[in-house]
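**Student:** This structure is in structure tokens; I'll ask about it shortly.
Computed from the coordinates by the stated procedures, all read-outs in this text should not be read as laboratory data. From a predicted model like this one, the values you see are computed outputs, not experimental measurements. Glycine gets a Cβ as well: all are built from the backbone with ideal geometry, and neighbour counts include every protein chain shown.
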2 protein chains.
Amino acid sequence: MATVEDILMIKGPDVIIADPTNTASEAAKMMAKANVGSVIIRVGNEVKGIFTERDLLVRVIAAGKDPVSTPIEEVMSSPIKSCRLGDDVKKCAKELTESHIRHLAVIEDGALIGLIGLRDVLVAELRSKDEKIHELETS
Amino acid sequence: MATVEDILMIKGPDVIIADPTNTASEAAKMMAKANVGSVIIRVGNEVKGIFTERDLLVRVIAAGKDPVSTPIEEVMSSPIKSCRLGDDVKKCAKELTESHIRHLAVIEDGALIGLIGLRDVLVAELRSKDEKIHELETS
């Protein structure tokens with residue numbers, strides 16, 4: 001069984017953090033610089049939500065809002081769905097697919113320790129199936 | 001072997017088409033309405049490029065351009081990479097990963113007949129591996 005921890009071991013724990021008062025334009029600059037598609041909004045230790053490139057598309061630009069003056073707290077997805085280090089990636093894939101979302105925050109003891117995406121989950125599932133095939137072929 | 005045609009049979013051939021003179025804001029509205037992350041830019045039968053939610057993030061908003069006055073021909077990815085109906089999804093996965101892109105246009109006889117994304121390719125690979133596992137377990 002592949003777990004969320006296996007995914008974080010490969011992709012690393014890096015998450016881009018923003019304040020609720022950052023504008024959509026500021027968040028876009030942070031994402032572009034880090035070459036990622038989302039930022040987590042956190043105040044102190046509390047995770048408030050997530051702002052993704054899809055939110056920028058749908059809730060800001062397509063909605064006719066000005067990215068330079070729109071704070072992300074107005075357009076973020078909140079609350080963010082989360083998972084734990086020991087969770088099976090299959091369970092995460094189901095959660096992502098059924099909720100039509102692309103990211104899960106990894107939270108342990110109330111603290112954010114990472115972020116996994118649908119792509120990470122699918123790649124981990126592929127790796128797990130390759131191992132299974134190798135096992136069956138050599139047994 | 002799973003092919004590009006297998007993917008299109010499941011997701012359908014629908015592609016959102018835009019003109020080079022459409023603005024980033026207009027393209028965003030088209031994408032949001034169709035709940036997709038990209039539009040193909042076509043003039044007559046000629047595919048000119050693709051404009052994705054990542055292009056909106058990086059090349060428009062993070063770059064400080066105004067989405068309401070920026071034509072997508074200035075910020076699209078061009079030329080777009082393409083594949084054919086009979087291509088192996090494994091080959092497509094390699095192309096997408098190595099080029100760090102998320103979409104391939106499906107083109108036959110010079111005509112656009114669909115668009116596949118990294119997620120479609122990974123899901124098709126998973127399905128193909130499940131069949132292989134079933135085959136090995138029951139043989």
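**Student:** Name the single residue, out of those in segment A:88-101 being buried (at least 19 other Cβ atoms within 10 Å of the Cβ) and touching a residue at least 60 places away in the same chain (Cβ under 8 Å), that is nearest to the chain's Cα centre (by Cα).
**Tutor:** Applying the filter and picking the extreme gives A:C92.
**Student:** Let me ask you something else. Can we say B:L57 is away from chain A (no Cβ under 14 Å), within 25 Å of B:T21 (Cα to Cα) and not basic (K, R)?
**Tutor:** Here the answer is no, as B:L57 does not meet what is asked.
**Student:** Checking A:P20 against (1) of a type outside the set (S, T, N, Q); (2) part of a loop (DSSP other than H, G, I, E, B); (3) away from chain B (no Cβ under 13 Å); (4) out of contact with any Lys or Arg (no Cβ under 9 Å at 6 or more places or on another chain), only one condition comes out false. Which one?
**Tutor:** Going through the list (1) of a type outside the set (S, T, N, Q); (2) part of a loop (DSSP other than H, G, I, E, B); (3) away from chain B (no Cβ under 13 Å); (4) out of contact with any Lys or Arg (no Cβ under 9 Å at 6 or more places or on another chain), A:P20 breaks only (4).
**Student:** If I go through segment B:55-69 residue by residue, how many of them are buried (at least 20 other Cβ atoms within 10 Å of the Cβ) and either in contact (Cβ under 8 Å) with a residue 12 or more places away in the chain or farther than 16 Å from A:K33 by Cβ (or both)?
**Tutor:** 5
**Student:** Give the residues of segment B:64-100 that are among the hydrophobic types (A, V, I, L, M, F, W, C) and in contact with a helix residue (DSSP H, G or I) (Cβ under 8 Å, 6 or more places away or on another chain), sorted by residue number.
**Tutor:** B:V68, B:I72, B:V75, B:M76, B:C83, B:L85, B:V89, B:C92, B:A93, B:L96
**Student:** Among A:E137, A:E125, which is in a helix (DSSP H, G or I), acidic (D, E), surrounded by fewer than 16 Cβ atoms within 10 Å (Cβ to Cβ) and touching a helix residue (DSSP H, G or I) at 6+ places or on another chain (Cβ under 7 Å)?
**Tutor:** A:E137
**Student:** From B:I41, B:I50, B:I72, grab the single residue that is hydrophobic (A, V, I, L, M, F, W, C), within 14 Å of chain A (Cβ to nearest Cβ) and crowded, with 17+ Cβ neighbours inside 10 Å.
**Tutor:** B:I72
**Student:** Restricting the search to segment B:76-87, which residues are farther than 26 Å from B:A124 by Cβ and crowded, with 20+ Cβ neighbours inside 10 Å?
**Tutor:** Listed by number, the list holds a single entry, B:M76.
**Student:** Residues in segment A:124-139 that are free of Cβ contacts under 8 Å to residues at least 40 places away in the same chain and either facing another protein chain (nearest Cβ under 7 Å) or acidic (D, E) (or both): how many?
**Tutor:** 9
**Student:** Assess whether A:A32 counts as being of a type outside the set (K, R), at negative phi and surrounded by 21 or more Cβ atoms within 10 Å (Cβ to Cβ).
**Tutor:** no
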